[in-house]
Amino acid sequence: MKSNNLKELKTKFPNDILLNEKLSKYSWFNLGGPAEVFFKPKNESELKKFLKICKNFNLKLTIIGAGSNTLIRDKGIKGATIKLGAPFSFCNLVNNEIIEAGAATLDRKVSSFALEKSLTGFEFLSCIPGSIGGAIIMNSGCYNEEISKILISIKTINHSGLEKIYYKEDLDFFYRGTSLPKDEIIISAKLKGSKFSKEKISEKQKNYLNKKKLAQPTGVKTCGSTFKNPENNKAWKLIKESGCQNLNFGDAKISDKHCNFFINEGHASSSDIEKLIKTVQSKVLKEQGIKLDLEIKVIGDSID
Ligand SMILES: Cc1cc2nc3c(=O)[nH]c(=O)nc-3n(C[C@H](O)[C@H](O)[C@H](O)COP(=O)(O)OP(=O)(O)OC[C@H]3O[C@@H](n4cnc5c(N)ncnc54)[C@H](O)[C@@H]3O)c2cc1C
């Protein structure tokens with residue numbers, strides 16, 4: 001970034017910009033190099049102002065949520081990295097059945113809020129470790145539920161600083177993705193449930209959490225499922241049947257409990273995880289004739 005642009009950003013946003021901020025603490029893998037500019041807006045109007053300046057400077061923008069689905073490369077991220085923090089984390093009851101949640105609100109907090117308000121439909125969010133913004137981009141879900149099923153609308157601000165409301169009907173949602181234009185930043189979402197007994201909602205949440213605990217590793221540095229499940233197949237099964245389970249590059253390993261979960265056992269680098277990803281992809285292709293597509297997002301500057 002040009003030094004005079006950097007200087008102007010620092011002058012205009014003295015308290016909300018960090019230079020060369022280590023990004024490893026913002027990813028569940030606990031990996032990743034620095035952000036050239038790291039911005040945590042105080043509110044929507046500050047975000048709009050920042051975006052308009054970035055547009056003038058022609059700066060590359062990257063948005064991160066809770067980082068539970070994102071591998072950040074070792075060389076870090078050039079341009080500006082934006083993270084919505086506490087001011088964008090809230091839950092409001094709009095009416096009897098509709099919750100408005102800020103994009104930075106953790107999914108499990110929305111699920112707890114819904115329980116408090118006796119609303120069913122949000123139980124699955126208790127076991128997804130991301131934020132509402134990330135959940136919408138990924139159309140996250142489990143146990144035959146996904147966020148698009150309860151979504152009414154989202155409020156966004158685009159890279160030019162313009163605000164917009166998208167209704168669910170304006171967008172396509174599919175397995176781990178959406179047609180929302182890439183330059184839209186999600187600010188908040190309205191989600192709809194229905195009235196139900198608190199006891200039954202709580203029971204359903206507990207049941208989902210127990211199922212997850214049994215099937216997936218906990219307390220490890222991972223970003224969940226590395227690959228999407230191919231149609232009528234399971235990525236973990238293909239990985240296992242291709243003999244990849246014991247592969248590793250340094251501390252980048254495959255979970256014993258669920259072999260679609262890749263893990264940083266402590267001292268891996270992002271490039272170790274990427275090498276593991278590429279090796280597994282080519283082994284599965286060779287052994288099973290199936291190309292595995294990434295579910296996790298890999299961002300940042302490539303080493304090669
Ligand atoms: C242990 C574990 C279990 C998991 N289980 C599941 C599961 O059962 N089901 C499932 O679907 N996923 C699962 N995941 C993956 C992950 O939690 C989800 O994909 C989650 O929704 C990602 O949200 P995030 O906020 O962490 O997004 P991030 O990883 O930070 O970002 C993901 C994408 O969303 C974009 N993004 C984030 N916030 C915004 C915003 N405000 N505006 C625009 N773009 C934004 C980012 O640019 C990026 O492209 C699991 C992960 C872990 C670690």
Cα-based Kirkwood hydrodynamic radius, the chain, one decimal, Å: 20.3
Accessible surface of region 217-299 [probe 1.4 Å, protein heavy atoms]: carbon and sulfur percent: 45
Å³ per residue enclosed by the Cα convex hull of region 42-166: 111
Unit charges at the beta carbon, dipole of the chain: most positive-side option, Pro14, Val284, Ser269: Pro14
Top positive-direction residue, dipole computed over the chain with Cβ charges, set Asn4, Pro217, Leu71: Asn4
Accessible surface of region 3-86, 1.4 Å probe, proportion on carbon and sulfur as whole %: 50
Choice from Thr70, Thr11, Thr105 showing the highest fluctuation, given a GNM over the chain with Cα pairs closer than 10 Å: Thr11
Kirkwood Rh and Cα Rg combined as Rg over Rh, evaluated for region 3-86: 0.95
Accessible area of region 90-212 belonging to carbon and sulfur atoms, whole % at 1.4 Å probe: 50
Peptides ranked, highest mean first, by Cβ atoms within 10 Å: ranges 239-247, 90-98, 133-141: 133-141, 239-247, 90-98
Region 69-109: Rg to Rh, with Rh as the Kirkwood radius over Cα pairs: 1.17
Accessible area per residue, Å², the chain with all protein chains present, probe 1.4 Å: 49
Cβ-placed point charges (K, R +1; D, E -1), dipole of region 136-248 about Cα centre in debye, nearest 20: 620
Per-selection Rg to Rh, region 128-182 - Cα, Kirkwood hydrodynamic radius: 0.97
Stokes-Einstein diffusion coefficient of region 217-299, Kirkwood radius over Cα pairs, 20 °C, 1.002 mPa s, in µm²/s: 171
Sum of -39500 (n - 2.57) over DSSP H runs of 4+, divided by residues of the chain (222 nm, nearest 500): -8500 deg cm²/dmol
P(r) weight above 23 Å for region 112-248, C-alpha pairs, percent: 45
GluC sites (Glu not before Pro) within region 23-75: DSSP coil, no more than 14 neighbouring Cβ in 10 Å: none
Ranked packing of 276-287, 256-267, most packed first, by mean Cβ within 10 Å: 256-267, 276-287
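The values are calculated or read from the model by the stated rules, or taken from the named source; none is laboratory data. Everything numeric here is computed off the predicted structure, so don't read it as measured data. With ideal geometry, Cβ positions are generated from the backbone for all residues, glycine too; neighbour counts draw on all protein chains shown. Keep in mind that these areas ignore ligands, DNA and RNA; they rest on the heavy atoms of the full protein, side chains included. Shrake-Rupley method; radii C 1.70, N 1.55, O 1.52, S 1.80 Å.
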